[in-house]
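Let me begin by presenting the structure, written as structure tokens, before commenting on it.
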Amino acid sequence: MMPAMSTVQEIETAIQKLPEPQLAELVAWLEQFRAPRATPATAENWLEHARGAAQPGVTTAQIMKLTRGEP
């Protein structure tokens with residue numbers, strides 16, 4: 001069982017003991033975790049993320065009805 005870590009110093013010490021593959025996995029996770037915090041939410045960012053996310057065959061008229069709350 002892994003001991004509980006409650007301080008940055010304890011976490012740093014544990015990270016120093018990680019084998020390279022696990023360290024690379026942690027780095028990737030930290031980058032993904034931090035990305036939303038580092039990039040301010042803008043309309044452009046939202047549009048870039050949303051682009052291409054619609055389901056095939058859905059029309060603009062159907063989307064507009066949905067956003068208006070129409071049946």
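Observations on the structure shown:
- In the list [x] 19, 31, 27, 19, 5, 0; [y] 14, 21, 22, 18, 12, 11, 2; [z] 14, 26, 20, 19, 13, 8, the label attached to P(r) over Cα pairs in 10 Å bins from 0, in percent as derived from the coordinates here is [z].
- Estimated FRET transfer efficiency (Phe33, Leu66; beta-carbon r; R0 35 Å; 0.05): 0.65
- Furthest towards positive pole of dipole, Pro71, Trp46, Gln22, structure part the chain, Cβ charges: Pro71
- Neighbourhood net charge (11 Å Cβ-Cβ; Lys/Arg +1, Asp/Glu -1) for Val27: -2
- Charge dipole (debye, nearest 20) of region 1-52; +1 at Cβ of Lys and Arg, -1 at Cβ of Asp and Glu: 120
Any read-out appearing in this document is the output of simple, stated calculations on the displayed coordinates, not a laboratory observation. These numbers were taken from a predicted model, which means no experiment stands behind them. All Cβ positions, even for glycine, are placed from backbone atoms using ideal geometry, and neighbour counts span all protein chains on display.
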